[in-house]
Structures are given as structure tokens and as C-alpha cells.
Amino acid sequence: MIKKIRRNIFAISLLGGLLISVLFGQFAAFAETSAEVRQDTLRLHILAAGDSAEDQRLKLLVRDALLREEGAVLTAAQNKEEALRLANAALPQFEATARRTLREAGCSAEVKAEIKNIYFETRRYDGVTLPAGRYDAVEITIGAGEGHNWWCVLFPTLCLPASSEEKALKAYNARERQLVAEDGYEVRFALLELAESALESMRGNG
């Protein structure tokens, strides 16, 4: 009887270990592909001066002007490195366009455009899900930058009026494309965000 119980415990332990190994392997592959998505993505991040209705309206005016007048800067990019180079060269243009837009709306707030590496939570954009973690981003800060932000994807060009989602997604490789464009990963996205959030907290305390 005791031997039988021991055999059952051993079998259950073996099965549990095998299951954990399979699940961990799947999550590790998911995390690896998520890291590739972050590496191959350039985001646009616009910070409003504050959360008043007027601050948020001005943020959207700046967004519309940037996408309309400066969005074409990145459409020629064939990869993330080229997109970063083009965006870095265009930062003065981004600032000038945003500043002019604000002045035309009667706002004297200053504007700063810079490329930063920023932590983002898991977000969906036009049917595309981007996993949590740190991304390179063109960040536009209006005034104190203390209001709610707006973001989109500059490369691949998911937020530009002239681009199509299908065309933009081709910039990702097959595994990345499957990850960002399909549903069914809710649990893994949640676990990844939990892990990335913990890492971000450790960085902040380090």
C-alpha cells in the first residue's frame, strides 16, 4: 500500500514537473518574441501639459499636426535602425511643428522632442497588441508634461494615415507578426506584464 502511494506521488510529481517545464518553455518563447517586438518598434509618445480639457485638446492638435506634416519622415525607413536615425534627425522639425501648432491655438507652452527608452504597459492599437516593456520612443512633451499621454507606433508605421496595418506589420518577422496581430495570449501578456513591471520596479530602486 505504502509503495503504491509512493509510486502515485512520484507519478504525479513527474507529471507536474513535465507540465511546468512545457509551460515555462512556452512562456520563455513568448517572452523572447515579445523582446523582439520591443526591439523592432519605435513609438510616438505625446505628453500633455496637464489634464484639463484644454490641455488634452492641445495635445490632440499637436498629434494631428505631427502625423499630418511629419509622418512621412519615417515612411522610407526599411528597419528600426533607419527609423531611429531619421527620427533623430527630424527632432527639430517635430518641435517646430508642435510649437507652431500650439502658438496658432493661442498656447505659449514650450515643447521638447527627444528619443527616449520608456516603459509601456501592454496596449492594443488598431487590432495590434504590443507587450509590456521598454521601447524606444519619440517623446513630445508639452509644458510640464503632467497630463495623460497619447501614443502610437511610428515604426512599423501603424499610426500614419497613408499606411495600412497589413503593410506595416510586414516589418515584423513571422513570429512577431503572429504575436502582435492575434488574440488568445491574454494570460501570457498578463504574466509578461507582471514580470516586466517587477523588473522596472527593481530598476527604479537600483
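The values are calculated or read from the model by the stated rules, or taken from the named source; none is laboratory data. For clarity, every value in this text was computed on a predicted model and none was experimentally measured. Heads up, the Cβs are rebuilt from the backbone with ideal geometry, glycines too, and the neighbour counts pull from every protein chain shown. Only protein heavy atoms, including side chains, enter the accessible area calculation; ligands, DNA and RNA are left aside. Shrake-Rupley method; radii C 1.70, N 1.55, O 1.52, S 1.80 Å.
Considering each of A144, A72 in turn, give the residue that is closer than 30 Å to L194 by Cα, open to solvent by 40 Å² or more (accessible area, probe 1.4 Å) and of a type in the set (A, V, I, L, M, F, W, C). Checking each option against the conditions leaves just A144.
Just to be sure before I move on: is R57 open to solvent by 100 Å² or more (accessible area, probe 1.4 Å) and at pLDDT 85 or above in the structure I sent? Before the answer, list the steps.
Values: open to solvent by 100 Å² or more (accessible area, probe 1.4 Å): yes; at pLDDT 85 or above: yes.
Judged against the criteria, R57 is a match.
Taking the range 26-65 as the range and being touching a Gly at 6+ places or on another chain (Cβ under 6 Å) and either over 22 Å from L154 (Cα atoms) or not in a helix (DSSP H, G or I) (or both) as the test, the residues that pass are L47, A48, A49, G50, D51, D55.
Report, by residue number, each residue of the range 96-140 that is open to solvent by 40 Å² or more (accessible area, probe 1.4 Å) and more than 27 Å from A171 (Cα to Cα). The answer is A96, R99, R100, R103, E104, G106, S108, E110, K112.
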